[in-house]
Amino acid sequence: MTHRHDPADVFHDHNHSACSGGVLERVDEIASTSGLRLTPVRRRVLEILLEEHRAMGAYEVLEALARDGFGNQPPVAYRALEFLVEHGLAHRIRRLNAFAACMRPGEQHAPAFFICSECDTVAESASPQVRTSIEAAAAEIGFAVDRLNVEVIGTCPSCQQGVPA
């Protein structure tokens, strides 16, 4: 079962457990069919990212891991985050020097991240129009797109209304 995540959910009330649970269910399917080794630390890092529903720095993840008894050495968090990014289970948000869980694991997509400049909440959209538009613009100048990661900075609906997300 593939859970279709609506990126707008992040900025509005939604069943967060179902949202996160759907992603974890999909990750478990991917791991079992591809032989991907999702160790307890890697899985917990992904769960932490999903629980927060925002981009988190490596040290924030490390603090959460330490609270859960997984140790407090930076390589623990960095290795797990690198693994998740390498296998498309998380994304690096360069603007924030942080990481967010991929809401569409196992799908080929060109993520666009909508980042609230007030509360740092991040919504991931995989609209095919983004990739199509950028590839068309690239083709006009003879450029071939290998990888695409768009970061859009703005204000989420809650912060626009003065209520932090």
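Numbers for the structure displayed
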{"item": "Residue within segment 4-18 that is modelled with pLDDT of 50 or more, under 26 Å from Tyr78 (Cβ atoms), surrounded by fewer than 13 Cβ atoms within 10 Å (Cβ to Cβ) and among the small types (Gly, Ala, Ser) present", "result": "no"}
{"item": "Leading residue by the ranking (surrounded by the most Cβ atoms within 10 Å (Cβ to Cβ)) among those in segment 139-165 that are within 27 Å of Ser117 (Cβ to Cβ) and among the aliphatic types (A, V, I, L, M)", "result": "Ala165"}
{"item": "Whichever residue in segment 101-142 is touching a Lys or Arg at 6+ places or on another chain (Cβ under 7 Å) and of a type in the set (A, V, I, L, M, F, W, C) and, among such residues, is modelled with the highest pLDDT", "result": "Ile115"}
{"item": "Residue tally, condition assigned to a strand (DSSP E or B) and within 13 Å of the chain's Cα centre (by Cα), over segment 104-152", "result": "11"}
{"item": "Counted residues, segment 76-115 - those being over 15 Å from Arg44 (Cα atoms), of a type outside the set (D, E, K, R) and out of contact with any Ser or Thr (no Cβ under 6 Å at 6 or more places or on another chain)", "result": "17"}
{"item": "Any pair with Cβ under 9 angstrom, 6 or more apart, that starts in segment 137-149 at a residue that is more than 28 Å from Phe99 (Cβ to Cβ) and ends at one that is among the β-branched types (Val, Ile, Thr)", "result": "Ala139/Val145"}
{"item": "Where a residue in segment 68-88 is within 19 Å of Glu51 (Cα to Cα) and its partner, wherever it lies, is aromatic (Phe, Trp, Tyr), with Cβ under 6 Å and at least six apart", "result": "Leu81/Phe99"}
{"item": "Restricting segment 50-68 to residues that are touching a strand residue (DSSP E or B) at 6+ places or on another chain (Cβ under 9 Å) and of a type in the set (A, V, I, L, M, F, W, C), the residue that is modelled with the lowest pLDDT", "result": "Ala55"}
{"item": "The listed residue being in a loop (DSSP other than H, G, I, E, B), surrounded by fewer than 19 Cβ atoms within 10 Å (Cβ to Cβ), of a type in the set (Gly, Ala, Ser) and over 12 Å from the mean Cα position of the chain (by Cα), out of Gly88, Gly71, Gly21", "result": "Gly71"}
{"item": "Residue check, Ala100 under 15 Å from Met56 (Cα atoms) and under 16 Å from the mean Cα position of the chain (by Cα)", "result": "yes"}
{"item": "Single unsatisfied condition, Asn97 versus (1) at pLDDT below 90; (2) among the polar types (S, T, N, Q); (3) within 20 Å of Leu148 (Cβ to Cβ)", "result": "(1)"}
{"item": "Residue within segment 63-85 that is out of contact with any Phe, Trp or Tyr (no Cβ under 7 Å at 6 or more places or on another chain) and closer than 30 Å to Gly162 by Cα present", "result": "yes"}
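The values are calculated or read from the model by the stated rules, or taken from the named source; none is laboratory data. These numbers were taken from a predicted model, which means no experiment stands behind them. Neighbour counts are summed over all protein chains in view; Cβ atoms, including those assigned to glycine, are modelled from backbone coordinates with ideal geometry.
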